[in-house]
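Working notes, beginning with the structure itself.
The values are calculated or read from the model by the stated rules, or taken from the named source; none is laboratory data. Source: prediction; values computed, not measured. Cβ sites come from the backbone with ideal geometry, for glycine too, and all protein chains shown count toward neighbours. Each accessible area value is taken on the protein alone, full model and side chains, heavy atoms only, with ligands, DNA and RNA left out. Shrake-Rupley method; radii C 1.70, N 1.55, O 1.52, S 1.80 Å.
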Amino acid sequence: MFDMKDSPESVYDFLSSMLSEKGRSQKTVFQYYHDLRTYGRYLEVSHGNADEQRIGDITFGSIPDSLLTGATRKDIRGFLVYLNQVMQNKQSAVNRKLSALRSYYKYLTVNGIISVNPTDNIESPSKAKRLPKFLTLNESLELLKSVSGANYERDYAVLTLFLNCGLRVSELVGINLRDISFDQGTIRIIGKGNKERMLYLNDACTDALKKYL
């Protein structure tokens, strides 16, 4: 177990509560410890108590407990900006640290240590949308060429449908023979929320399915 005794009093009590009362794992509590230490160091620098160039040298226990318990929404927002612009944290890391602060300040509020939770009405930064990754035409052809073995026709049909129809695994697994119409060149798919949609089969899909059948 990590040593959290160097934490300021309120943080130590919070972490102890997470372990003993809330039943959080040691890994989770250590992450709280790490994130709150980063936050405490930021407060020391932003309030002019320490040099930003030596922020990593600030020991957690030297941070006044009153600095943490007396933080405002302005401090929280400034910390989020610091994580994003100075630390260049990914949105997932920023959201994780904000979650740690919410848990910490909720504990302080519930136990009457503070009367106003500075994380109230602080919105989590929205995660940047990532473009889906896809194979190039040549990569797709190489993948199909690599298919071999006793279930060649089945595996080839599976990959062909994936590459051409953009199916989820669960959607492909749910396909039944009655869902396929070679006459109309369509396949019926049941997606999320039991929503039904019809897809048109190109020649590659039709040939692969017929060979498998």
Inset, instruction - Grab the helices (runs of 4 or more DSSP H) fully contained in segment 111-213, keeping just those with 1 or more residues being farther than 30 Å from L15 by Cβ, out of contact with any Phe, Trp or Tyr (no Cβ under 6 Å at 6 or more places or on another chain) and basic (K, R). - result: 137-145, 203-212
Inset, instruction - Looking for whichever is among the aromatic types (F, W, Y), surrounded by 14 or more Cβ atoms within 10 Å (Cβ to Cβ) and within 18 Å of L108 (Cβ to Cβ) here; the options are F30, F79. Which one fits? - result: F79
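Based on what the data block shows, is S92 of a type outside the set (A, V, I, L, M), in a helix (DSSP H, G or I) and closer than 21 Å to Q31 by Cβ?
Values: of a type outside the set (A, V, I, L, M): yes; in a helix (DSSP H, G or I): yes; closer than 21 Å to Q31 by Cβ: yes.
Judged against the criteria, S92 is a match.
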Legend entry - Of residues in segment 160-186 being of a type in the set (V, I, T) and more than 15 Å from L213 (Cα to Cα), the one surrounded by the most Cβ atoms within 10 Å (Cβ to Cβ): T186
Legend entry - Residue list for segment 1-28, filter: aliphatic (A, V, I, L, M) and part of a loop (DSSP other than H, G, I, E, B): M1, M4
Legend entry - Subset of segment 139-153 that is of a type in the set (A, V, I, L, M, F, W, C) and open to solvent by less than 90 Å² (accessible area, probe 1.4 Å) - its residue that is nearest to the chain's Cα centre (by Cα): L143
Inset, instruction - Report, by residue number, each residue of segment 104-138 that is open to solvent by less than 90 Å² (accessible area, probe 1.4 Å) and of a type in the set (D, E). - result: D120
Inset, instruction - Select from segment 82-98 the residues that are open to solvent by 90 Å² or more (accessible area, probe 1.4 Å) and of a type in the set (S, T, N, Q) and list them in ascending order. - result: Q85, Q88
Legend entry - Whichever residue in segment 33-61 is more than 17 Å from V86 (Cβ to Cβ), touching a residue at least 40 places away in the same chain (Cβ under 8 Å) and of a type outside the set (G, A, S) and, among such residues, is most open to solvent (accessible area, probe 1.4 Å): T59
